[in-house]
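Asks: I have a structure I would like to understand better, so I am pasting it below and will then ask my questions one at a time.
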Amino acid sequence: MAVRLLKLRYPATCSSCAASLVPGDRGWWDPDLRAATCTACRRPEQLQRPTDGTSSTPTLTAALPTFPAMSAAGGSARQEYLRRRTKRESQIDEKWGALSGVVKFLSDEPQSTKAWAKGSQGEQRLAAHLVKALGDKVVMLHDRRIPGTRANIDHLVVAASGVWIVDAKSYRGKVEQRDVGGWLRTDNRLMVGGRDRSTLTGGLFKQTLAVLTALDGVEVDVEVMAALCFVDSEWAVFAKPFLQGGVLVTWPQMLCKSISEAGSLSRDQIMRVAERLAEQLPAAVAN
């Protein structure tokens with residue numbers, strides 16, 4: 001179903017800036033992800049009437065984004081979820097015909113399909129947290145495509161401390177680093193809910209290489225960092241972020257603290273780096 005601009009009937013939180021929305025506020029409602037976005041983060045589309053006299057029904061023209069080549073957080077994951085859902089419903093329609101509505105109502109989506117919706121929601125929540133905590137001190141680019149591949153980068157944050165590549169993960173369970181090497185050797189593993197998830201950090205190698213390639217030729221000395229951020233997981237009371245394979249493994253609050261650390265980039269340099277990244281790593285899904 002399409003995202004709609006309407007008066008909200010229930011309290012909600014903006015998926016972009018984490019602002020509180022009360023019943024009666026106007027906002028964008030995504031029925032597929034059950035997420036709301038305030039009109040400050042996504043400006044209302046302008047109503048235009050056709051000039052050829054063929055119809056009196058208004059048509060919609062999207063407002064321009066505030067930063068070149070912007071894209072919405074979680075857009076690629078949402079698109080994949082909708083593709084899988086549509087394919088499943090088409091298969092049910094073909095097999096069951098007139099009974100397809102009943103089958104859809106009584107059956108549940110596969111976990112592999114629901115995971116894409118959950119991932120999109122996690123990216124949106126992390127983006128909202130970043131906006132709320134960091135404000136205009138940084139420039140954020142969400143859901144960027146790596147040219148020549150089907151891979152994307154969840155979040156790019158350009159701050160005084162450098163460029164941060166952030167991969168958001170919506171996994172349940174306790175996050176910890178565990179040494180499984182025994183007495184004579186060290187073998188640190190990333191464990192989530194008791195399962196070895198060390199391979200997750202490997203995906204950030206390709207993303208880091210893409211960012212370094214995009215920044216080639218920029219006359220700014222900028223540090224590039226990669227972070228794996230768990231938005232739904234549990235941590236021990238005295239847990240600290242840790243490095244796994246050169247990647248910072250962390251959670252939203254501590255990620256923002258790391259990004260906010262002092263750095264050498266000026267505001268002009270931040271904008272120059274962000275513009276190069278926006279140009280070289282295009283939006284994966286048009287906003």
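Read-outs throughout are calculated quantities, based only on the coordinates presented, and are distinct from any laboratory measurement. Note that the structure is a prediction, hence the values are computed from the model and not measured. We place every Cβ from the backbone using ideal geometry, glycine too, and count neighbours over all the protein chains shown.
Asks: So what J values fall out for segment 205-211 if you push phi through Karplus, 6.51 cos²θ - 1.76 cosθ + 1.60 with θ = phi - 60°, rounded to Hz, Gly and Pro as x?
Replies: 5, 5, 5, 5, 4, 5, 5
Asks: Would you mind putting 148-159, 240-251 in packing order, based on average other-beta-carbon counts within 10 Å, highest first? List each step's numbers first, then the result.
Replies: Working: 148-159: 19.2, 240-251: 17.5.
The packing order, highest mean first, is 148-159, 240-251.
Asks: Additional query: Give me the distance between the Cα centres of segment 199-250 and segment 123-147, rounded to whole Å.
Replies: Spelled out, the Cα-based centre of one part sits 14 Å from the other.
Asks: Can you check how the C-alpha radius of gyration of segment 121-280 compares to 2.2 N^0.38 Å, as a plain ratio? It would help to have the intermediate numbers written out before the result.
Replies: Values: Rg = 16.0 Å, N = 160, 2.2 N^0.38 = 15.1 Å.
Here the answer is 1.06, to two decimals.
Asks: Where does the charge balance sit around residue 187 when Lys and Arg score +1, Asp and Glu -1, over other residues with C-beta under 13 Å from its C-beta? Before the final figure, lay out each step's value.
Replies: Values: positive: 178, 185, 189; negative: 179, 196.
Neighbour charge sum, excluding residue 187 itself: +1.
Asks: Do any of 114/174; 114/137; 7/257; 87/137 go past 31 Å between their Cα atoms, and which?
Replies: With Cα atoms farther than 31 Å apart: 114/137; 7/257; 87/137.
Asks: What distance in nm separates the simple spin-label points at residue 240 and residue 104, each placed 7 Å from Cα in the Cβ direction?
Replies: Modelled inter-label distance: 5.2 nm.
Asks: Now for a different question. Calculate the FRET efficiency for residue 174 and residue 151 from the Cβ-Cβ distance with a Förster distance of 25 Å, rounded to the nearest 0.05.
Replies: Computed FRET efficiency for residue 174 and residue 151: 0.35.
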